[in-house]
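The structure under discussion appears below in the form of structure tokens.
The values are calculated or read from the model by the stated rules, or taken from the named source; none is laboratory data. Everything numeric in this text was worked out from a predicted model, so none of it was measured. Positions of Cβ are generated from backbone atoms using ideal geometry, with glycine treated the same way; all protein chains shown enter the neighbour counts. Heads up: the accessible areas ignore ligands, DNA and RNA and are worked out on the full protein's heavy atoms, side chains in. Shrake-Rupley method; radii C 1.70, N 1.55, O 1.52, S 1.80 Å.
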Amino acid sequence: MVTTVEPPSQKKAVLRETILTPRFYTTDFEAAANFDLSLQETEIKAMLEEMRTDYNRHHFERQQEFENYQDNLDEKTRNAFIDYLERSCISEFSGFLLFKELSRQLKSRNPLLGEIFHLMVRYEARHAGFLNKAMADFNISLDLAKITKTRTYTFFPLEWVLYTVYLSEKIGYWRYILIYRYLEEHPQYKFNPLFNYFESWCQDENRHGDIFKTLLRAKPQLWNNWRSRLWSRFFLLSVFATHSLTVRERSDFYDALGMDAIAFDQEVIRQTNNTSARAFPTILNVDHPQFFPRLNRCAERNLQLKAIDESSVPQWLKTMGKLPLQLGMVGDLLRLYLIKPIDAEATREMVL
């Protein structure tokens, strides 16, 4: 539970790291320096030229509309919104740190790729800063400098970074645009002006995703063999499962928006899966009759695990109570992974 304080703004304690907490990553910078862009060089140069124009430089300038909005929120909505802001800010800041280090490492060794990451840093920084300012409206802010030094960094091979960041940007696009469209139709639930910026925000996510799609397609071994098909399914399922568990854990936020959290989660997954057919060799069959029921069961079991963790029973009883739930989740995820996928290479021209 987050508690606000009186001005001046106070630094908020860092989120405890769990399987659902946004993570910080590092990668193989040597592999990035030797990354061959020749297969997609024309498209990459076109994207780079567009980004140099800084089309979004005025999109995230705060207006007076933000004043006093926080005073009208009930405690439940207020806490859910602050939690949403915090996790979103950390996620954006994670991208900022990874892209910044890539741009620094590649500046002289792979200047084209280095400049792309340098320009993406600009947008990630704007997003994180904008979210942190929204938290400041509640007299709370994240100590991003401290987080940079104290957070655990997870190493991912460059190939994994390409898969996961592509999915992160595209699922972010669908999350933002679906919330924006919903609130345009139901303005009575727009309890903060931040939501007015989601249309511009989602376009940043979409462009960044397109860049990573181009990088994926520049490396044929990431999409033209059996290993790439297995990895595509793995990362799609991992991202979708994480999304489902997170949405259900944070259902208070969607309740405040008047949204059905489960329906929102399923639509985000469905749209992201379809979009991924532009980059990945295979996508998941989310229309299989077992797909969403098993994913929803994982989310329900995760809520039960959380309740056990927060209970006051002895640790050994917690461990015993959690074991069947954990095994059940593993079983459901394995069955989901084994559902026959859809060949995206064969259907690529049919994807809009």
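Things worth noting here:
- Cα extents for the chain along the principal axes, largest to smallest and rounded to whole angstrom: 54, 49, 42.
- Under 5 Å from the amide H of PHE24 lie the amide H atoms of THR154, each residue being 5 or more positions distant or on a separate chain, with H modelled from the backbone and absent for Pro and chain starts.
- Rounded to the nearest Hz, the phi-derived 3J(HN,Hα) couplings of region 89-104 under the Karplus curve 6.51 cos²θ - 1.76 cosθ + 1.60 (θ = phi - 60°) are 5, 5, 4, 5, 5, 4, x, 4, 5, 5, 5, 4, 5, 4, 5, 5, where x marks glycine and proline.
- For the chain, accessible area per residue (1.4 Å probe, heavy atoms of protein chains only), Å²: 49
- In terms of packing, defined here as the mean over residues of other Cβ atoms within 10 angstrom, the peptides 260-271, 128-139 line up highest first as 128-139, 260-271.
- Of the whole protein surface, TYR182 contributes about 40 Å² of accessible area at a 1.4 Å probe radius.
- Using a cutoff of 8 angstrom between alpha carbon atoms and counting only pairs six or more residues apart, the relative contact order for region 73-125 works out to 34 percent.
- Equivalent-ellipsoid semi-axes of region 247-352, from the Cα gyration tensor, Å, largest first: 32, 19, 9
- Rel. contact order, % - alpha carbon contacts under 8 angstrom, at least six apart, region 18-222: 33
- Percent of beta bridges antiparallel (DSSP, the chain, rounded to nearest 5): 25
- For region 278-295, backbone phi angles converted through the Karplus equation (6.51, -1.76, 1.60; θ = phi - 60°) give residue-by-residue couplings of 6, 10, 8, x, 9, 10, 7, 8, 6, 8, 4, x, 8, 5, 6, x, 5, 5 Hz, Gly and Pro being listed as x.
- Within region 18-222, the proportion of C-alpha pairs whose separation exceeds 20 Å stands at 59%.
- As a length-normalised measure over Cα pairs under 8 Å and 6 or more apart, the relative contact order of the chain settles at 20 percent.
- Label sites at ASN34 and GLU61, each approximated as a point 7 angstrom past Cα along Cα to Cβ, lie 4.7 nm apart.
- FRET efficiency for SER311 and ASN139, using Cβ-Cβ distance with R0 set to 41 Å, rounded to 0.05: 0.80
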